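Written below as structure tokens is the structure these notes are about.
The values are calculated or read from the model by the stated rules, or taken from the named source; none is laboratory data. Keep in mind the model is a prediction, meaning the values are calculated, not measured. Cβ coordinates were reconstructed from backbone atoms using ideal geometry, including for glycine residues, and neighbour counts include every protein chain displayed.
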Amino acid sequence: MSKINQIEGKAVPVEGNDIDTDRIIPARYLKEITFTNMGKYPFYDERFDAEGKPKGHPFDLPQFQGSHILFVNQNFGCGSSREHAPQSLMRWGIRAIIGESFAEIFAGNCTMLGIPTATVSQVEMQKLQAMVKANPEIKFTLDLDKKVLFTEGKEHLNFEIHESKRNALVNGTWDSTRLLLGNADKTAAVAQKLPYVAGF
């Protein structure tokens, strides 16, 4: 499992408060057996009309293709706890999300995928979204060690991130499933000592 200290790339702005997980990934796509195709569906109903024609969502605009950082506003990822939401964003290409605030379960699901969820103030986010709309080619670096967002190699602003999530990312312990599988022998040994597991 890799350590995640920095995320670099262009940014894509998605504006609006209280964007819930049903808007991020519509419920009808939860029937997919695997997450393989989830990258096709983020914000699907906001990106396409009933006839499948693009409506001009940032995820479809040419200038934002190849972006790895997502700029959002308040309470992003609220609603249901579906892990398909961060899966769809990750498989579209998102590697980090910076917002004003996040729903806690959504932020936790992101961490499990190695996606940092960093926060800045409302004023700072408005500046970031305006900046990237004016110059979509600008490159950002999210530095988790320094807790600083750099713009084209220059220090731009400090951000906040829950310390337990930051530690998991920079120490390479963010994938709890892989940690569990990697310690299967130890887990089995402990299980054999538990009467409610081995005593039946």
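Under the condition of being assigned to a loop (DSSP other than H, G, I, E, B) and touching a residue at least 24 places away in the same chain (Cβ under 8 Å), which residue from the stretch 38-56 is nearest to the chain's Cα centre (by Cα)? It would help to see each step written out before you state the result.
At the first step, the residues of the stretch 38-56 found to be assigned to a loop (DSSP other than H, G, I, E, B) are 41-43, 49-53, 55-56.
Okay, now just the ones that are also touching a residue at least 24 places away in the same chain (Cβ under 8 Å), so 41-43.
On the way: Tyr41: 15, Pro42: 12, Phe43: 14 Å.
The extreme case among them is Pro42.
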Condition met for Lys10 (closer than 19 Å to Met131 by Cβ and among the basic types (Lys, Arg)): yes
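Take the conditions in a helix (DSSP H, G or I), among the β-branched types (Val, Ile, Thr), at pLDDT 95 or above and within 16 Å of Leu70 (Cβ to Cβ) and apply them to Val170. Does it pass?
Numbers: in a helix (DSSP H, G or I): yes; among the β-branched types (Val, Ile, Thr): yes; at pLDDT 95 or above: yes; within 16 Å of Leu70 (Cβ to Cβ): no.
No, not satisfied.
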Among (1) closer than 30 Å to Lys146 by Cβ; (2) in contact with a helix residue (DSSP H, G or I) (Cβ under 6 Å, 6 or more places away or on another chain), the one test that Tyr41 misses: (1)
Qualifying residue in the stretch 68-80 (condition: over 19 Å from Gln129 (Cα atoms), in contact (Cβ under 8 Å) with a residue 60 or more places away in the chain and crowded, with 19+ Cβ neighbours inside 10 Å): yes
Subset of the stretch 5-37 that is farther than 24 Å from Val123 by Cβ and among the polar types (S, T, N, Q) - its residue that is nearest to the chain's Cα centre (by Cα): Thr21
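I need the full set of residues from the stretch 17-35 which are exposed (fewer than 12 other Cβ atoms within 10 Å of the Cβ) and either in contact (Cβ under 8 Å) with a residue 12 or more places away in the chain or not β-branched (Val, Ile, Thr) (or both), in order please. Explain how you work it out, then say what you get.
Quick first cut of the stretch 17-35, residues exposed (fewer than 12 other Cβ atoms within 10 Å of the Cβ) only: 27-28, 31, 33-34.
Within the stretch 17-35, Ala27, Arg28, Lys31 meet the criteria.
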Looking only at the stretch 135-174, and only at residues there that are within 16 Å of the chain's Cα centre (by Cα) and among the acidic types (Asp, Glu), the one that is surrounded by the most Cβ atoms within 10 Å (Cβ to Cβ): Asp143
Qualifying position, being among the basic types (Lys, Arg) and loosely packed, with under 15 Cβ neighbours inside 10 Å, among Lys10, Lys53: Lys53
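So, in the stretch 125-160, how many residues would count as being in a strand (DSSP E or B), modelled with pLDDT of 95 or more and of a type in the set (Val, Ile, Thr)?
2
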